[in-house]
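Shown next, in structure tokens, is the structure this report addresses.
The values are calculated or read from the model by the stated rules, or taken from the named source; none is laboratory data. Remember, predicted model here, so these are calculated numbers, not experimental data. Neighbour counts run over all protein chains shown; Cβ positions are idealised from the backbone, glycine included.
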Amino acid sequence: MFKATIKSLLSRKLRLVLSALAVVLGVMFVSGSFVLTDTLQRSFTDLFSSAFANVDVSVAPKAEKGKQPEPLAPQAIADVKTVPGVASAVGDVQGSARPIGKNGKVMTTSGAPRYGFNWTGTGQEKIRDGKAPQADNEVIVGAFLASSGGFKVGDDISLLTLEPKKTFRITGVFEYAGGRDSMGGELAVAFTEPVAQQLMLGKKDAYSGITVTAANGTTDDALRDSVAARMGSGYDVKTGATLAKEQSDQINEGLKFFNYVLLGFAGIALFVGIFIILNTFSIIVAQRTRELALLRSMGASRGQVIGSVVLEALVIGLIASIVGLAAGVGIGALLANIFSSVGGTNLRLAGIGVPMSAIISSFAVGMIVTVIAAVMPALRASRIAPVAAMREAATPDRPLTKITIIGALVAAAGGTALGFGFNLASLPLIFGGILVAFVGVALLTPILSKPMVSLIGRLLSWSMPGLLGRRNSARNPRRTAITAAALMVGISLITGVSVVLTSATKSIEKLASGQLQTDLIISGEGQAEGSPATFQRDVLTRIEKTDGVKSALGWSQDGVLEGENQMFAVSVTDVPAMVTMFALKPKSGDMGSLKNDQLALPEDMAAEKGWSVGSKVTLQLPKGDPQTFTVGFIWAKSQVLQGALVLPESASKNFRSDQIAQAFVQVQPGVSAADVQKRVEPLLADNPEITVQDRSAFVKQTTSQFDTVLLMIQILLALAILIAVLGVINTLALSVIERTRELGLLRAIGMRRSQVMRMITVESVVISVFGAVLGLAVGLALGVATVQALKDQGISEIGFPWATMVQYLVVAAFVGVIAAILPAIRAARLNVLDAIAYE
């Protein structure tokens, strides 16, 4: 029986390749994810080990929970120098410094920091060209900043720091140990110490930390303990090795999440692969009915027949796992190299390695998925009666009643789990519900396939080949359903995400046109190293005095601590104007100005916290001691300022930055907002991160990130759709083999080759469009359910991406044409006499 199975497998090499390809792609994604994250983890570990190579011990101010740490005074450096075993102690100054490129725009990175520091000449930085800064208007820049910005020694460079734009003369360019342009794509610039203190920390004679070098014969751990004992509990004293490990662990935690995302999409790809393999083995069993029945008549038991099919699945799974692992290593290495060179990361990669997790997961996933998909066809094969060997008919179609009932129950169970998942905000329940719902819908597709395929096929059956293609696609509803279900999964997920993002965009547009009674919005385009881009308060004063401006308000923003809870707070310059511009309705209290010890909040937050007007609330702001505020008023439920505490203007002095993060302007009646915008923009010339926009432009900018999210998901789900396309090709190719004699008879009675190809193409397009229609229907249901669950999060409107959905249908039809090319050519090339004689 073993020999018969192997010979049967090898005699059908095309079937072997097509069956294995779906698994190969899924396994490739799994192993590639592990290879990529392993390579990046080791690369970042090496990076931080190099970054802290010259640090024996570091001293930094200890931050109290919810508070920004106070800078160190010069006395702290003097105290460290008195510790036995200290060879040197150098004060470090570091903070945000965003360079402005020669195009007048702020230079950005792909997540790497943009920072400034004091040039000491004692770190890893070595001067490559020019000299160190000596005057207050001089800086030395990193080689990566110089090359990416096109700067050289002698050029001027403008920088944004805690102060408005300032221009400096570049006196030199520095590199890191080993000739590196950067450690990881950062944009770095160094000032003289007094200038760095003023621009980075906002005060003179202040330091971010102290770098300590150990004397000969003193270990890092011993020096750390000695310095910690001398400085007391108000300081964090760590070795360079500890700092490197902490930074590396932080990056690795982010990479774990990245890995989970990739593995999630790999899981989707494998889930789609199961449909393809299940279909493949179902067709194989149908084609081998006489062969398996003959084996039964020769004495083979049911167990041996099951073993034969499962053995075939194991061989395919093993081959697919090996090829998928090899492809995954290549893909992981390719993505790692792209990550290190594209987008300005400039990360020096550690060697590409293959972790054991990649090997184990590849073989476990590849073989298990294949065997699971083959179990049902194997059981079906074991039921073939020996007498079937004596007749020509393949296994007849079975009634769809049982599978339809099971499908309805499974779909209902998935929908129930999904509902509970949304209500409980449980990701496992949500993902589990989606998976079960997909299985339920897949089981329901056979009952849907006949009427829907017939309807879709009518659009293409204006000729005899088209009519035959339509009937062929409806001939075996189970096979058509499984093939279409594979395409359904990818399209439904993309459609569901599109519905959510379209609904979010529509909600924001309604909010802007309804509740946001403001003509101009002034805000930053990006983040300034963890904080929003800001501008000076005196600029807001000048905006208020600009011709055509009726009123203007702005706010500073930061995180505050209430007990153990982190909350978002804004310090508003004009609370009555805010009430008017945001169309806030009173819930309780007088919606007027806030006193210095008062705050305001929305009713849903008040209900959650159990606060009412007059309640005392103790908050820890980033600076200063805890402050107690009294609830001054509560506004009725609104889509504006959701989840935000409103504090008086005086509170901003204890924020990390008291500058304005966002401002809103109302123009006078009869005055053009565009004209006022032209008058306001020059006032912000020193703040290139800040833009002045009308409401429509602000909405467009806010929602533009949704397009990026959708594009990323489409790229990641493209693999699942590619596998589904292979499924269509696979089904058609095996179907052509199964119908060899039938095709020969059609050719014999006069059908031309072009008509055969057209018939196969119609069949392919019908199946693909059927899968797309199913995907759109399921995706719409998932999207609407998600939007309903997110109503409390601000997505109040349901929007449908009609244009995108039409595009998916067109793409599905195009996919059907592409998928039909190889099977159609094979069918057209059949020798008529050989085909008629085919058994």
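Within segment 579-598, residues that are within 22 Å of ALA552 (Cβ to Cβ) have Cβ atoms under 6 Å from residues that are modelled with pLDDT under 90 and aliphatic (A, V, I, L, M) in these pairs: VAL579/MET591; PHE582/VAL640, counting only partners at least 6 apart in sequence or on another chain.
Scan segment 560-611 for residues that are of a type in the set (A, V, I, L, M, F, W, C), more than 26 Å from LYS550 (Cβ to Cβ) and surrounded by 15 or more Cβ atoms within 10 Å (Cβ to Cβ) and the total you get is 9.
For GLN807, the conditions (1) in a helix (DSSP H, G or I); (2) crowded, with 17+ Cβ neighbours inside 10 Å; (3) of a type outside the set (Asp, Glu) all hold with the exception of (2). Test ARG479 against the stated conditions and say whether it is of a type outside the set (Gly, Ala, Ser), in a helix (DSSP H, G or I) and in contact with a Leu (Cβ under 8 Å, 6 or more places away or on another chain). Taking the combined requirement at face value, the residue does not satisfy it. For segment 547-573, the set of residues classified as assigned to a loop (DSSP other than H, G, I, E, B) and in contact with a helix residue (DSSP H, G or I) (Cβ under 8 Å, 6 or more places away or on another chain) consists of ASP547, GLY548, THR573, listed by residue number.
When LEU72 is tested against the conditions (1) in contact with a helix residue (DSSP H, G or I) (Cβ under 6 Å, 6 or more places away or on another chain); (2) buried (at least 19 other Cβ atoms within 10 Å of the Cβ); (3) modelled with pLDDT of 85 or more, the lone failure is (1).
Looking across segment 116-142, the residues that are within 26 Å of ALA533 (Cβ to Cβ) and surrounded by fewer than 19 Cβ atoms within 10 Å (Cβ to Cβ) come down to ASP136, ASN137. Evaluation of THR534 against the conditions (1) surrounded by fewer than 22 Cβ atoms within 10 Å (Cβ to Cβ); (2) modelled with pLDDT under 90; (3) under 30 Å from ARG98 (Cβ atoms) shows that the sole unmet condition is (1). Can you tell me which residue within segment 75-99, out of those that are touching a strand residue (DSSP E or B) at 6+ places or on another chain (Cβ under 9 Å) and free of Cβ contacts under 8 Å to residues at least 24 places away in the same chain, is surrounded by the fewest Cβ atoms within 10 Å (Cβ to Cβ)? Only one residue tops the list, namely ALA78. Of the residues examined, ALA408 is one that is part of a helix (DSSP H, G or I), more than 24 Å from PHE265 (Cα to Cα) and at pLDDT 80 or above. Is it true that some residue in segment 686-702 is within 15 Å of ALA485 (Cα to Cα) and either out of contact with any Leu (no Cβ under 6 Å at 6 or more places or on another chain) or at pLDDT 80 or above (or both)? Among the residues of segment 686-702, not one is within 15 Å of ALA485 (Cα to Cα) and either out of contact with any Leu (no Cβ under 6 Å at 6 or more places or on another chain) or at pLDDT 80 or above (or both), which makes the answer no. Give the residue that is modelled with the highest pLDDT, with candidates limited to residues of segment 266-305 that are crowded, with 24+ Cβ neighbours inside 10 Å and of a type in the set (Phe, Trp, Tyr). Among them, the one singled out is PHE275.
Is it true that some residue in segment 306-314 is surrounded by fewer than 18 Cβ atoms within 10 Å (Cβ to Cβ), assigned to a helix (DSSP H, G or I) and among the β-branched types (Val, Ile, Thr)? Checked against the condition, which is being surrounded by fewer than 18 Cβ atoms within 10 Å (Cβ to Cβ), assigned to a helix (DSSP H, G or I) and among the β-branched types (Val, Ile, Thr), segment 306-314 yields no hits at all.
Here is a yes/no grid of residues against (1) at positive phi; (2) hydrophobic (A, V, I, L, M, F, W, C); (3) touching a residue at least 40 places away in the same chain (Cβ under 8 Å):
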| position | (1), (2), (3) |
| --- | --- |
| ALA663 | no, yes, yes |
| THR691 | no, no, yes |
| THR702 | no, no, yes |
| ILE715 | no, yes, no |
| LEU726 | no, yes, yes |
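Taking GLY179, is it without any contact (Cβ under 8 Å) to a residue 60 or more places away in the chain and within 38 Å of the chain's Cα centre (by Cα)? So GLY179 passes the test.
Taking the conditions exactly as written (in contact with a strand residue (DSSP E or B) (Cβ under 7 Å, 6 or more places away or on another chain) and free of Cβ contacts under 8 Å to residues at least 40 places away in the same chain), does VAL631 satisfy them or not? So VAL631 does not fit the description; no.
Given (1) crowded, with 17+ Cβ neighbours inside 10 Å; (2) more than 37 Å from the chain's Cα centre (by Cα); (3) in a helix (DSSP H, G or I), identify the lone condition not met by MET751. Exception for MET751: condition (3). Screening ILE760, ILE795, ILE749, ILE836 for residues that are of a type in the set (Val, Ile, Thr), closer than 19 Å to MET464 by Cβ and modelled with pLDDT under 85 leaves exactly one candidate, ILE749. Out of curiosity, is SER58 under 39 Å from the mean Cα position of the chain (by Cα), at pLDDT 90 or above and surrounded by 20 or more Cβ atoms within 10 Å (Cβ to Cβ)? Answer is yes for this residue. Among residues of segment 503-519 that are under 17 Å from THR786 (Cα atoms), those with a beta-carbon under 7 Å from a residue that is acidic (Asp, Glu) at least six positions away or on a different chain give the pairs SER503/GLU797; LYS506/GLU797; SER507/GLU797.
Taking the conditions (1) without any contact (Cβ under 8 Å) to a residue 60 or more places away in the chain; (2) closer than 26 Å to LEU47 by Cα; (3) under 37 Å from the mean Cα position of the chain (by Cα) in turn, GLU186 satisfies each one other than (1).
Of note, THR761 does not satisfy the criterion of being touching a residue at least 40 places away in the same chain (Cβ under 8 Å), surrounded by fewer than 22 Cβ atoms within 10 Å (Cβ to Cβ) and of a type in the set (S, T, N, Q). Considering LYS245, LYS256, the condition of being closer than 30 Å to ALA112 by Cα, surrounded by fewer than 20 Cβ atoms within 10 Å (Cβ to Cβ), modelled with pLDDT under 85 and basic (Lys, Arg) is satisfied by LYS256 alone.
A single entry from SER158, SER110 fulfils the requirement of being of a type in the set (Gly, Ala, Ser) and modelled with pLDDT under 90: SER110.
Close contacts from segment 230-242, counting a first residue that is under 14 Å from PRO69 (Cα atoms) and a second that is modelled with pLDDT under 90, with Cβ to Cβ under 6 Å and a gap of 6+ residues or different chains, come to GLY234/LYS62; TYR235/LYS62; ASP236/LYS62.
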